[in-house]
Amino acid sequence: MMMSMVKGRTAEAKRLLSRHAAVMMVLAILWALSAIPSYAGVPTDSMKATVDEVLRIVRDNELKQPHKATERRQMLEQVVEARFDYHEMSRRALGAPWNTLSDQEKQEFVGLFRTLLTNSYADKIETYSGEGVQYLNERMEKEYAEVRTKVLSGKTEIPLDYRLINKANDWRVYDVVVDGISLVNNYRGQFTKIIKSSSYLDLVEQLRKKSEKLKNP
């Protein structure tokens with residue numbers, strides 16, 4: 001009976017890994033791609049620089065050729081990775097257990113989390129067709145900033161905010177908030193549930209399996 005309950009919780013935990021948080025990451029990337037800022041400061045300009053480069057790659061007809069698919073995917077991932085701080089996102093998403101990990105374990109977790117995120121949005125970016133977005137304003141406090149935007153989709157307006165941290169004079173995204181829901185907090189809730197119902201090692205094993213599946217569909 002107990003074994004059956006544990007297996008049930010594990011199955012539910014696996015399903016959690018592929019739900020709302022991954023979708024939020026996709027939306028956060030896609031909805032910013034055709035943005036025309038109505039307000040611009042340094043953090044906003046940084047986001048726009050990333051958006052412009054992604055658009056350049058997406059619209060490049062030569063890179064749309066089938067034999068350029070791998071090169072195109074790698075270019076997109078490099079541009080996004082240059083703006084998104086996966087190490088910071090991983091630390092915040094894992095929460096307290098992060099402090100108990102060795103440097104090697106942290107490195108592994110960041111790599112697995114990065115694979116989970118990048119493969120969640122890569123396909124969608126490559127088929128992006130365009131949405132309207134307005135940059136509303138930005139807030140800055142010491143090394144932190146928040147760039148607030150509004151997604152326009154038909155008659156729907158969806159708030160989308162980027163949270164950034166300044167590292168080495170560069171603004172890096174460590175969280176995105178879609179309609180009031182934080183990507184990092186969403187993942188932390190999923191990870192915490194898996195760890196409590198099983199263990200951290202089980203979480204890592206699930207991420208490994210999912211990573212292999214994403215890399216070798």
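A few points about this structure:
- Any chance Ile165 is more than 23 Å from Lys48 (Cβ to Cβ) and at pLDDT 85 or above: no
- In the range 149-189, residue surrounded by the most Cβ atoms within 10 Å (Cβ to Cβ) [restricted to those that are within 15 Å of the chain's Cα centre (by Cα) and within 16 Å of Trp98 (Cα to Cα)]: Tyr187
- Residues satisfying the stated conditions in the range 63-86, i.e. buried (at least 16 other Cβ atoms within 10 Å of the Cβ) and in a helix (DSSP H, G or I): Leu63, Arg72, Arg73, Met75, Leu76, Glu77, Val79, Val80, Arg83, Tyr86
- Matching residues, the range 190-207, being of a type outside the set (Val, Ile, Thr), surrounded by 15 or more Cβ atoms within 10 Å (Cβ to Cβ) and in a helix (DSSP H, G or I): Gln190, Phe191, Lys193, Ser197, Tyr200, Asp202, Leu203, Gln206, Leu207
- Leu160 vs. criteria touching a residue at least 60 places away in the same chain (Cβ under 8 Å), of a type outside the set (Lys, Arg) and within 19 Å of Tyr135 (Cβ to Cβ): yes
- For the range 113-157, a residue qualifies if it is among the basic types (Lys, Arg) and at pLDDT 90 or above, and the qualifying residues are Arg114, Arg139, Lys142.
- Selection count, the range 175-208, where residues are at pLDDT 95 or above and among the aromatic types (Phe, Trp, Tyr): 2
- Among residues of the range 168-213, those that are of a type in the set (A, V, I, L, M, F, W, C) and more than 12 Å from Phe113 (Cα to Cα), counted: 11
- Number of positions in the range 87-106 that are of a type in the set (A, V, I, L, M, F, W, C), free of Cβ contacts under 8 Å to residues at least 60 places away in the same chain and assigned to a helix (DSSP H, G or I): 2
The values are calculated or read from the model by the stated rules, or taken from the named source; none is laboratory data. Quick caveat, the model's predicted, so the values are computed rather than measured. As a convention, Cβ positions derive from the backbone with ideal geometry for all residues, glycine included, and neighbour counts pool all protein chains shown.
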